[in-house]
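Below is one structure; the comments refer to it alone.
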Amino acid sequence: MSSDYGFQQLVLLNSAGYERAELPLDESVSLIAPNNTGKTSLINALQYLLIIDKRHLDFGAHDKDKARRFYFPSNSSYILLEVTLPESGSVVLGCVGKGVSHDYNYFAYQGPLHIEEYRLDNGKLVTQPQLLEQLAHHGRTASFYSSADFAEMVYGGARRRGQTSSEFTVFRLENRKDANAYRQVLTRTLRLDKLSSGEVKRHLLQIFSRQLPDSVVDFKQEWDKAFAEVNQDREQYRAAHNQQTLIDELERQQDERLATRGRIIARRPLIDDGLQRWQNHYQTQSESLEHQHQNLQKQEADLLQRDRDQTRRQSELNQQLAALKKNEQRCDELENRFTLIHDRSQLEQQLASATEERDRQIALLTNAHGQSAVATDHQLRREEQELSALRKEQETLSDNLYLTLKQHLSEEQLSVLNRGLNRQLLTLSPGDYQLESQQLLQWLQDMPEDWFELPGLNLSVANQAPQYEQRSAEEIAQLIEDCQGRLRQLQEQKAASREMESQKKRKAELEQEVKSLEKDLEQFDELTQLQKSRPDRLKEMEVARQELAEIDQAQTQASAQQQTLRDQIQELINKRQALDTAHQEIDRIRQNRGDSDDQFNWLSDLPHTPWVGDTELPLDQLAQTLRDYQRDCYQLKDLDRDLHHRRITLHSSGLTKFQYAPNPEEEIRLMVEFRHHLAREAEALEKKARSAVVTVTASLRDLRGNLQSFENAMHEFNRLISRRKLSDLKVFRIQPVHESHLVEAIDLLIQTSEKVESGESFELFNQTSVLDDRQLDQARQLLIDEGSARHGLKVADLFRLTFELGKENQAIESFDDIDSAASNGTVLMAKLVTGLAMLHLMQDKTRNVQALCYLDEALALDAANQRSLIKTASEFGFALMFASPSPLITAHYCVPIQQMSNGMNHISRKHWQILQPLEAVKA
Amino acid sequence: MSNTSQFQQIANNLPNLALLFRWFNRGRHLNRIAEPVLWEELERNLDDYTAIFSALGSDLRLDGRGFAWFHQDDGSSNTNKATRQLALLFMVIFDTQADAGIPLMKFEHWRIDQTLLTTVFEQHQDLLEAEELDLSGLVSLMRTAENFGFARYDGGAWQLLPAVCRYLDHYEELASQVDQDEDVSWAGDQDDEDNSL
């Protein structure tokens, strides 16, 4: 079935070794030439017009520069294609060489292709610079185009220069994106023998790519993304779960802190006010107590003074009373004594008689010897001594010194000597002696001691009283007698003295008696006096006693009073002490307040539990309250520190999800809340994990879905290529085969997720958890590894294409490579059908513009197959061109290539042979 | 000049050329699931690799089921011994599993651990002893398989890799030959398949 629209003819002028080549394209062609005579280069020329993009030009073994020189040797080398289009009728697409650079230029115009129009009047071909002018001359409005613009035109791209989009659009694709793939397949279609399995797969994927949305799945990223939160949450849950005790403690302390804060906040103004009032209170109270104290002390002093006076008075009265008593006693005593004496005159009489007797005695004594007994004794002893001396003299009277001296000395001499030894001598006055002291001294020195040496006389004077008077015995006897007489007299006198003593004693007694009587008289007078004053005295005693009793009573009272006073004073002192103690304590706390930190200034801005205690602070409770307050302040600081440490501990044990709370208090609140809702958190976590599994598999489902879509598309594609029988093949299809390990892994994950979605026995933290499943983990790891090796998983990674061929009566076989699948001819056919089907799929089916496909080595196909291929190609919208050394009678045209004498090839319209079935000719 | 520089250019685009060459040259198989990165590179540059290896005198083969190897028509006697022993190993394993009613095509999912190897050994003791293999010999044979890229050791057990398909294909072929020998109508129709490893 040929189309009304499509390629009409290909013309090469002065190109590719052809002087001129005209090739019909509106029906199947058998191009006939021996090998290596430029069949392929003829068909390759179309690439310049249809592929356009230099990058995609493919000349097999020849590189593109060589090809350019080959196709455009001069500026009059042309490749021309006439196409009939539904919108604009016949159009010519052309490519002309630019000369020595071997570059080329695109042009196009509406109208049929007449080779003559390219020939100048001189028969030469028009050169590129004159081309537009030449064509204009023939009424053709041609323009040059850049390759990009030309490509846009041919493939129906953007409208430029006011042209309608379809003016030169040869290929209209269902999807603009396919242009690239289309061109590539088309390239291959022009050289189908090169189509490889890999290319088939690539192109099929490209063709179906619009049905497969851009789905590159980076599975690892998807997995990590989906589970990142779950894993994080799970960590947090576990941390909180493990630290429940600590969090409970945290909660308790936080409550305590809030309460303490509330208390401090409520009490602080009370305390401030209380302290103010306390100061006043203390001063007033102190003064008042001081005043009272002084009063009491004064009272006490007064009391003491009075007491002292009373005591003095008491002692006076006692003395007085004692004196009175003594008098009374004296009175009684004297009354006793003078009981018998009634009258004073009696006593006067006794006194008078005693006085008289005494006076008599005194007179007696005055007449007696006045010498005293002592003097008499003295004289007696002297007389006795003299008597003893005299007696001694009497003994020595016959032989003594004096007598001796008298014998030897004259009387005068003796007299001088005797006088010289007079006892009075040493009392001589100065006129009576002469003293030669030197001489005397010399003399005395020469004398031994106690010896008195006179010339010729040495005297012992040891026992001597000086001076001696020699007496006569008679004289001595006389003297002794005298002495004895005096002694007797003296002894008599002594006896008389003794009598005198007793007289004197008598006189003393008498005087004593007088005195006694005088005293008695005196005492009697006293008695009389005492008796007379008795009534007064008794009365006086009574008064004194009464006064004493009064004093006693007063003192007793005073003592009680004093005790009371002392008690009162003590009480005051106690009060004062208590006041001072309280003040000291309050003052101490005030000086050292626990709320001096900054934080206490904005404490009310911090969270706290309002305090519901008293709003009044009586002063007597101030100290206690202040102590409590102080304790609260310190406790608050301790709590702050403890809570801080606990929070840090919780952080380090992994509970970090609330770290970014606006403040630590909020964080603690959230931690505590979290701990209370752990059970709910576990549920939420499980839900999250489920949804993560679902999420992560969503992308896999997409991928799997795309694979399914691709398989469906391939099914359609196979239907397309199986419409005609290829060679002896009963079955020919291109089958996507799963990369089973990947697809199975994906399916496993998807199944798991379905299980999860339906909530079937999925426990997050037990052994069957999705996160712990070994098989699941292997699947996950596989997908991650493959994904990272391929920078994400694509549908293309999930399958490979196999070519399934089945001959009659044989089992279907699969081949990875189409080239190895069957005989040459079969392979050629397979490739062709595949390629055409791909192009067909891309084209806009509503616009039937017949294109060309080319098959080299066509002799490998038998006639039946050739016919089948021609039909198939036609159905896909292609005219088939076979190339072979000998003609194929199945084609509509047989076109031989002729070699000219100048070595150039030549194909002329005149050599076209048109083959028609006999029936048709007959008809 | 151009050939050398062209080769150099191609080689520069193949960072793992040396690694892959050593890999294959040791007779080791490359499995897609075991070495996804190497596999991806090989697949992406298959033409270049094939060309270079071919120029180096090696025939790179790539099986669509996900494994590649250097094909050798006739291996050294050492390789042959290893090949024969591996064939025996896989055969006894597959036989054991088949007896247990386990589908053979899912061999990649089997866990070949000590327990399984013991069972395998007990069931094929005569055969293995004829080849002078005891249980520890069987284990060391698994290591050989690992070295040739037929298995990998993971999580305390071996896992067979797709390259084992080469043996499996071979067994099936042998089995079908036996069938054909028995089926007169198909006799003698089997000739041009490549049976060597």
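Carbon and sulfur atoms: what percent of the 1.4 Å accessible area of region B:77-171 do they account for?
50 percent
Here the contact order of chain A, divided by its residue count and restricted to Cα pairs under 8 Å and six or more residues apart, works out to 25 percent.
Our coupling estimate for region A:891-905, obtained by passing each phi through the Karplus curve with A = 6.51, B = -1.76, C = 1.60 and θ = phi - 60°, is 7, 6, 10, 10, 10, x, 9, 10, 9, 8, 5, 7, x, 7, 8 Hz, Gly and Pro reported as x. Helices in chain A that qualify as membrane-span-like (whole DSSP H runs, Cα extent of at least 24 Å along the helix axis, mean Kyte-Doolittle hydropathy of -0.5 or higher) are A:678-721, A:740-757, A:824-842. With all protein chains present, how much of the accessible area of region A:1-142 (probe radius 1.4 Å) comes from carbon and sulfur, to the nearest whole percent? Here carbon and sulfur together make up 46 percent of the probe-accessible area. Bridgeable lysines around residue B:106 (alpha carbons under 25 Å apart, same-chain partners fewer than 8 residues away excluded): A:755, A:794. In µm²/s, what is D for region B:2-71 at 10 °C and 1.306 mPa s, where D = kT/(6 pi eta Rh) by Stokes-Einstein and Rh is the Kirkwood radius from Cα pairs? The estimated diffusion coefficient comes to 131 µm²/s.
Rg and Dmax over the alpha-carbon atoms of chain A stand at 87.7, 261 Å. Of the beta bridges in chain A, as assigned by DSSP with both residues counted there, near 75 percent are antiparallel. Peptide A:735-743 shows a mean partner chain C-beta count of 3 within 10 Å per residue C-beta. Entry note, chain A: the mean residue ellipticity at 222 nm calculated from DSSP H runs of n ≥ 4, each adding -39500 (n - 2.57), is -20000 deg cm²/dmol after division by the residues and rounding to the nearest 500.
Straight-distance candidates among the lysines for linking to residue A:845, with alpha-carbon spacing under 22 Å and chain neighbours fewer than 8 residues away dropped: A:177, A:831, A:871.
The Rg/Rh ratio for region A:468-575 is 1.75, where Rg is the radius of gyration of the alpha carbons and Rh is the Kirkwood radius. Counts of other chain beta carbons within 10 angstrom of each beta carbon in peptide B:30-43 average 4.
Taking the Cβ-Cβ separation of residue A:719 and residue A:241 as r and a Förster radius of 56 Å, what is the calculated FRET efficiency to the nearest 0.05? The pair residue A:719/residue A:241 has a calculated efficiency of 0.40. Interface B-A: total buried accessible area of about 1300 Å², 1.4 Å probe, protein heavy atoms only. Each Lys and Arg adds +1 at its Cβ and each Asp and Glu adds -1 at its Cβ; summed about the Cα centre, the protein assembly as shown shows a dipole of about 6280 debye.
What dipole magnitude, in Debye to the nearest 20, does region B:77-171 give about its Cα centre under +1 on Lys/Arg Cβ and -1 on Asp/Glu Cβ?
Numbers: 7 positive and 13 negative charges, 86 e Å.
Here region B:77-171 has a charge dipole of around 420 debye.
Counting only other chains, what is the mean number of Cβ atoms within 10 angstrom of the Cβ of each residue in peptide A:810-817? Could you put the intermediate results ahead of the total?
On the way: counts 0, 0, 0, 0, 1, 1, 4, 2.
For peptide A:810-817, the averaged partner shielding equals 1.
Calculated from the alpha-carbon coordinates, region A:301-421 shows an Rg and a Dmax of 40.6, 116 Å respectively.
When region A:436-592 is described by a simple charge dipole with +1 on each Lys and Arg Cβ and -1 on each Asp and Glu Cβ, the residue from A:459, A:538, A:490 located farthest towards its positive end is A:538. Applying 1/(1 + (r/R0)^6) with r as the Cβ-Cβ distance of residue A:578 and residue A:604 and R0 = 41 angstrom yields a FRET efficiency of 0.75. Placing a pseudo-label 7 Å from each Cα along the Cα-to-Cβ vector at residue A:87 and residue A:284 gives an inter-label distance of 11.0 nm.
Entry note: region A:514-636 has Rg to Rh equal to 1.70, where both radii use alpha-carbon atoms and Rh is the Kirkwood radius.
Each other residue within a Cβ distance under 11 Å of residue B:135 adds +1 if Lys or Arg and -1 if Asp or Glu, for a net charge of -3.
I'm checking a number: the convex hull volume of the Cα atoms of region A:621-754, normalised per residue, in Å³. What is it? Before the final figure, lay out the partial values.
Working: hull volume 20.9 nm³, N = 134.
With only Cα atoms used, region A:621-754 gives 156 Å³ per residue.
How much net charge surrounds residue A:313 when only the other residues with a Cβ under 14 Å from the Cβ of residue A:313 are counted, with Lys and Arg +1 and Asp and Glu -1? Neighbourhood net charge equals -2. Computed from the C-alpha gyration tensor, the three semi-axes of the ellipsoid equivalent to region B:77-171 are 17, 16, 14 Å, from longest to shortest.
The values are calculated or read from the model by the stated rules, or taken from the named source; none is laboratory data. Source: prediction; values computed, not measured. Glycine gets a Cβ as well: all are built from the backbone with ideal geometry, and neighbour counts include every protein chain shown. Side chains included, ligands, DNA and RNA excluded: accessible areas come from the protein's heavy atoms. Shrake-Rupley method; radii C 1.70, N 1.55, O 1.52, S 1.80 Å.
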